[in-house]
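**Q** Dropping a structure here in structure tokens format, bear with me for questions.
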Amino acid sequence: MDAPAAPDDRQLAVLSGLGVRPGDAELTAVQFSTAFCGPCRATRARLQQLQRTRPGLVHVHVDAESHLDAVRALDVRVTPTVLWLGRSGAVVARSTGAPSSAELSALVDAHTPVSR
């Protein structure tokens, strides 16, 4: 895997405005969802489950409809969209649509320790 690019100051400012603090964890999953999105609920439940077993993972849920300026600034076009941030705030991955449980687990496993 390539090293993540340096964090973009503009993106960091937008994410900070949403209450995202990437320095608090090895991996921060910022999920953009809408109220009536079934795949969003499934993605949120899986990320919450992963967060309980991965001490280095933080999940932040964002209601896309309530934060349209942030959605535009971060180029979120579908829900769910998950921005995966490393400790520096750099985006290390981006998931759009409904990722499978295996995809979510693989990405989280690559960046966080498993709790025993």
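**Q** From the helices alone, meaning DSSP H stretches of at least four residues, give me the mean residue ellipticity at 222 nm for the chain, per-run term -39500 (n - 2.57), in deg cm²/dmol to the nearest 500.
**A** After summing the helix terms and dividing by residue count, I get -11000 deg cm²/dmol.
**Q** Something else now. Which one of 62, 91, 36 is farthest out on the positive end of the charge dipole of the chain, using unit charges on Cβ (Lys, Arg +1; Asp, Glu -1) and the Cα centre as origin?
**A** In the chain, that residue is 36.
**Q** Under the Karplus relation 6.51 cos²θ - 1.76 cosθ + 1.60, θ = phi - 60°, what is the ordered set of whole-Hz ³J(HN,Hα) values for the stretch 22-39, x standing for Gly and Pro?
**A** Those phi angles translate into x, x, 7, 8, 5, 9, 10, 9, 9, 9, 9, 9, 10, 4, 9, 9, x, x Hz.
**Q** Quick one: Karplus J couplings for the stretch 64-69, per residue in order, coefficients 6.51, -1.76, 1.60, θ = phi - 60°, nearest Hz, x for Gly and Pro?
**A** Residue by residue, the stretch 64-69 yields 4, 5, 8, 9, 5, 5 Hz.
**Q** Here is a further query. Cut-off 10 angstrom, C-alpha nodes, Gaussian network model of the chain. Which of 25, 35, 90 fluctuates the most?
**A** 35
**Q** Tell me which trypsin sites (Lys or Arg not before Pro) from the stretch 1-102 have a DSSP coil assignment and no more than 11 other beta carbons within 10 Å of their own.
**A** On the way: sites: 10, 41, 44, 46, 52, 72, 77, 87, 94; in loops: 77, 87.
Qualifying residues, ordered by number: 77.
**Q** State, as an integer percentage, the relative contact order of the chain based on alpha-carbon contacts under 8 Å between residues 6 or more apart.
**A** About 37 percent, as a whole number.
**Q** Under 10 Å, Cα contacts only: if you run a Gaussian network model on the chain, which one of 43, 28, 53 comes out with the highest mean-square fluctuation?
**A** 53
Read-outs: derived from the displayed coordinates by stated rules, not from any lab. Bear in mind that the values here come from a model prediction, so they are computed numbers and not experimental data. Because the Cβ atoms are built from the backbone with ideal geometry, glycine has one as well, and the counts that use them run over all protein chains shown.
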